[in-house]
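Notes follow once the structure below has been shown.
Taken together, the values in this text are just the output of simple stated rules run on the coordinates, not laboratory data. Not measured: the values here are computed from a predicted model. For neighbour counting, all protein chains shown are included, and Cβ atoms are generated from backbone atoms with ideal geometry for every residue, glycine included.
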């Protein structure tokens, strides 16, 4: 049996989520003696492509890039491959583009599809998986009744593992006949991607105003962390919507989550409670975030954060 | 122009989540159901389009009779009619297949859904429907404008946003940003009175068995928070670095 994993790249660079999907697939393939095929676009350098072997790719099919917004061409390309290679299981990281093409692919293949998967399957026949539901307030164990299945991994849930393997490349030419016209792309430059960041520095209304975010960004910079915010902060426009974490924003699962001046509403906690270590800094000792946090400092962010930056710089040097 | 807004009825976001029947079913007791927040942005957007372009807005939902009060709220907000596809809505594929049957038979110029539901968070219904009825589809939309027979759609992606132009018809999955939180439509008294006499039609459904839910469980409760004095930030950094190894 064959497993297919898609290693997505952004401007020729793979991200941690791509390596996570590859190492998850490799472990699954090894445990069950399956053949693993990695699919990626051919806009990556040889050096970048070699990184895939470190995380377990050996047979790699490269193809000319398709506009990621074009879910029709993406799903058709993968579905055509499926017919050639008799693939039964597909692994994708939950990215903006896979969330568009993977459901389409499942409809084409008449397969089951599981999203927000956090672990390796507990059984393969039938496929049994653990997934996050209710915005991380609970897990569900679900079972497939289909012959073909798609697994979509929740970023930062399995992690990356290293395997040694040699790359065997083959090329594929894909036709994409898109009816979508791309008008423009706006990039938020140089920032760490929030969904897959190892460390997230998040702040709330306790920061008193958008002009005070320099402090948050400085802390994030010295930790190579992504910045995030609470819902009220994005609602009043202090920070962009893309930074809002919580039940109606993004769900994150970093190794370390700083909640600075965030009281900790249940909707916010739902989006962050899979973080491995949570640190709350708040002037109010009764703030509900302290009930969820592993470590807490009762104090004013404007006093505590500069000290934190100084101490972190000390140990980093 | 005809717009379908597909909504999911979900527990109020402040709800405590519990399970019953040996952890196999969500415990609905004492739970207030609401329009899924991502869908509410889409519904408001549809009403804005209706106000500017004379559109007809139909809300469609797959669910049991208990969701009708939520559909009445959508009518009070300004939708013209509602369709309830009578089904337990046990998983995303089942919901998507039932929506597809209705949306294939009834032609729409624009179909709006939410990026994902606040309960099962699948985020796949729109993509499956798009494939089943052969439409273009854009996820995570934060902007939508109508330009003659096309739509200018802005979507969120890793590290930025992208603006695209697609010919009608199209399915979009919206989220906050499609309209601002402060602009969300709230039913007024006149809307609530009118909603009572607007059509709410119930359609039969089919069941599909792709996925079976086995059980639910909750993450283990956290240990007590360890408090560190604000004068002793160095200790926190030391713990994070040496004990937790997360720096």
Next item on the list: Fewest Cβ neighbours within 10 Å first, please rank A:231, B:28, A:108 accordingly.
Entry: B:28, A:108, A:231
Next item on the list: Over the Cα atoms of the protein assembly as shown, compute the convex hull volume and normalise it per residue, giving Å³.
Entry: 155
Notebook entry, point to check: By how many degrees, 0 to 90 and rounded to 10, does the Cα axis of helix A:71-85 deviate from the longest principal axis of chain A?
Noted result: 50
Check: Against the longest alpha carbon principal axis of chain B, how many degrees, from 0 to 90 and to the nearest 10, is the axis of helix B:37-53 turned?
Finding: 30
Notebook entry, point to check: Of A:164, A:274, A:73, which has the largest mean-square fluctuation in a 10 Å C-alpha GNM of chain A?
Noted result: A:164
Checklist line | Label-point gap, in nm, between residue A:171 and residue B:167 - each point 7 angstrom along Cα→Cβ | finding: 3.3
Notebook entry, point to check: Expressed as a whole number of Å, what is the distance separating the alpha-carbon centroids of the stretch B:69-108 and the stretch A:241-317?
Noted result: 39
Item checked: Binned Cα-Cα distances of chain A, short to long, each 10 Å bin given as a whole percent -> 6, 25, 30, 23, 13, 3, 0
Next item on the list: Would you look at the GNM of chain B, springs on alpha carbons closer than 10 Å, and say which of B:162, B:204, B:224 moves the most?
Entry: B:224
Check: How large are Rg and Dmax for the stretch B:2-216 when only the alpha carbon atoms are used, in Å?
Finding: 16.7, 54
Note to self: Based on alpha-carbon centroids, what's the gap between the stretch B:110-142 and the stretch A:177-206 in Å, whole number please?
What the structure shows: 20
Check: Across 5 Å bins from 0, what is the distribution of all Cα-Cα pair distances for the stretch A:103-142, in whole percents?
Finding: 6, 22, 25, 21, 21, 5, 0
Check: Can you sort A:169, B:99, B:236 by how many other beta carbons sit within 10 Å, fewest first?
Finding: A:169, B:236, B:99
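Just the number: Rg to Rh for the stretch A:194-316, Cα atoms, Kirkwood Rh, two decimals. Working shown, then result.
Numbers: Rg = 12.8 Å, Rh = 13.9 Å.
Across the stretch A:194-316, the Cα-based Rg/Rh ratio is 0.92.
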Item checked: Calculated FRET value between residue B:201 and residue B:1, using beta carbons and R₀ = 22 Å, to 0.05 -> 0.60
Checklist line | On Cα atoms only, tilt of A:301-316 relative to the major axis of chain A in degrees | finding: 60
Note to self: With a 10 Å cut-off between alpha carbons and a GNM built on chain B, which of B:235, B:181, B:68 moves the most?
What the structure shows: B:235
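Ignoring everything except DSSP H segments at least 4 long, calculate the 222 nm mean residue ellipticity for chain A; use -39,500 (n - 2.57) per segment, divide by total residues, nearest 500.
On the way: 9 runs with 96 residues, N = 317.
Taking each H run of at least 4 residues, the total per residue is -9000 deg cm²/dmol.
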Next item on the list: Would you calculate the separation in nanometres between label points at residue B:20 and residue A:32, each defined as 7 Å from the Cα along the Cα-to-beta-carbon direction?
Entry: 3.6
Check: For the pair residue B:69 and residue B:244, how long in nm is the line joining their label points, each one 7 Å along Cα→Cβ?
Finding: 4.2
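Kindly put B:189, A:74, B:113, A:100 in sequence by how many other C-beta atoms sit within 10 Å of each C-beta, fewest to most. Mind dumping the intermediate values first?
Details: B:189 8, A:74 23, B:113 31, A:100 27.
Fewest-to-most Cβ neighbours within 10 Å comes out as B:189, A:74, A:100, B:113.
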